[in-house]
Ligand code: ADP
């Protein structure tokens, strides 16, 4: 694929653009983590971020959660700015209240599950809808029970996280994320702490999510078969840049860059 085609593919969202990164840079000392990066994701689009460790993929997700801020550049979700670079080059953070609002629309599932250990499964899923969205306990429980059925864990609502397998905990974490009815679901290596059989169960749940919802998904994963199944587009990161962007068939079957080829050989 030509450079122009990669550039076109960086902004080929399905239904207009929704998530925008515009000239975003981030460094830690001499380590350039994101290097003048621009790309956009369409509403309802599912995009997988691949690339070697340390290439900046998780940093993208963390910026969308406002857990990390860029040095320069603009990050926007819909009409809402998370970080905004002004003409004079100074970076403006959105206000706290504004960030809270944006974060209600974006949820993230982590590698390490991060369930509340002292709460039973049902409460893990109802907690944020009640306290952040203001749902009644009954509404939140009805929503949670539906989602826990979807992830195959409605028989575990009274268990504590420590009584569940890693795969089950991760399925609860997915239900918990979806209970916020987010516009954007961020998945950060959600199966890398699981053995293959448990990982397969989690990926099946996510395939279902992809099929049955129109949530915009940004997914960092080394599970390439899964990426091929669910993604509309795959972005290949290398040293803080996107070196190739393409639909999964093209990225996996006939990558353009030698660096993409060698990366894929190392993970497939
Ligand atoms: P990836 O997800 O592609 O593996 P990351 O986005 O996690 O890459 O990290 C990119 C780089 O940023 C890594 O080199 C990492 O060491 C560095 N990094 C991330 N967070 C920090 C931090 N808080 N302080 C210093 N370096 C960091």
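Taking only Cα atoms, what is the 0 to 90° angle, nearest 10, from helix 121-131's long axis to the longest principal axis of the chain?
70 degrees
Tell me the label-point distance for the pair residue 159, residue 195, using the 7 Å Cα-to-Cβ offset, in nm and rounded to one decimal.
Taking the two extended label points, one gets 1.6 nm.
Does the chain come out rounded, prolate or oblate, given a ≥ b ≥ c as the square roots of the eigenvalues of its C-alpha gyration tensor, rounded meaning a/c under 1.5 and, failing that, prolate meaning a/b above b/c?
oblate
For the stretch 88-239, what does the alpha-carbon gyration tensor say about shape, rounded, prolate or oblate, given a ≥ b ≥ c as the root eigenvalues, a/c under 1.5 as rounded, and a/b over b/c as prolate?
Values: a/c = 1.77, a/b = 1.09, b/c = 1.63.
Verdict is oblate for the stretch 88-239.
In the chain, what % of DSSP beta bridges are antiparallel (nearest 5)?
Values: 24 of 42 bridges.
Expressed as a percentage, antiparallel bridges in the chain total about 55.
If you bin the C-alpha pair distances of the stretch 32-175 every 5 Å from 0, what whole percents do you get?
Per 5 Å bin, starting at 0, the Cα pair percentages come out as 2, 8, 15, 17, 16, 15, 12, 9, 4, 1, 0, 0.
Pairs of alpha-carbon atoms within less than 8 angstrom and 6+ residues apart define the contacts here; what relative contact order does the chain have, in percent? Please report the intermediate quantities before stating the final value.
Values: 498 pairs, mean separation 64.4, N = 268.
So the answer I get is 24 percent.
Highest GNM mean-square fluctuation, the chain, Cα pairs closer than 10 Å: which of 67, 206, 187?
67
So, in Å, what gap is there between the alpha-carbon centers of the stretch 74-123 and the stretch 187-228?
Answer, in whole Å: 21.
log10 I(q)/I(0), Debye, Cα-only the stretch 214-268, no solvent, q = 0.15 Å⁻¹?
-0.39
Compute the angle between helix 166-178 and the longest alpha-carbon principal axis of the chain, please, reported from 0 to 90 degrees and rounded to the nearest 10.
Value to nearest ten degrees: 80.
Relative to the first principal axis of the alpha-carbon coordinates of the chain, what is the inclination of helix 196-212, with its axis defined by its Cα atoms, in degrees from 0 to 90 and to the nearest 10?
Result, in degrees: 80.
Between the stretch 236-253 and the stretch 165-183, what's the alpha-carbon centroid distance in Å?
28 Å
Which of rounded, prolate, oblate describes the stretch 12-113, given a ≥ b ≥ c as roots of the alpha-carbon gyration tensor eigenvalues and a/c under 1.5 marking rounded, otherwise prolate only if a/b is larger than b/c? Don't skip to the end; give the middle numbers.
Values: a/c = 1.26, a/b = 1.02, b/c = 1.23.
Here the stretch 12-113 falls in the rounded category.
Label 7 Å along Cα→Cβ of residue 97; the stretch 151-192 residues with amide nitrogen under 19 Å?
The answer is none.
Expressed in nm², what is the orientationally averaged projection area of the convex hull enclosing the Cα positions of the stretch 168-268? Present the calculation step by step, with values, prior to reporting the outcome.
Numbers: hull surface 27.0 nm².
Average projection, Cα convex hull of the stretch 168-268: 6.7 nm².
Could you please rank 106, 60, placing first whichever residue has the fewest other Cβ atoms within 10 Å of its Cβ? Before the final figure, lay out the partial values.
On the way: 106 22, 60 27.
Least crowded to most crowded, the residues run 106, 60.
At a 10 Å Cβ-Cβ cut-off, how would you order 224, 236, 63, fewest neighbours first? Let's see the in-between values first.
Numbers: 224 17, 236 26, 63 21.
With the fewest neighbours first, 224, 236, 63 line up as 224, 63, 236.
Bear in mind that the values in this text are calculations on the coordinates, not laboratory data. None of the values given here were measured: they were computed from a predicted structure. Virtual Cβ from ideal backbone geometry, glycine too; neighbours counted across all protein chains shown.
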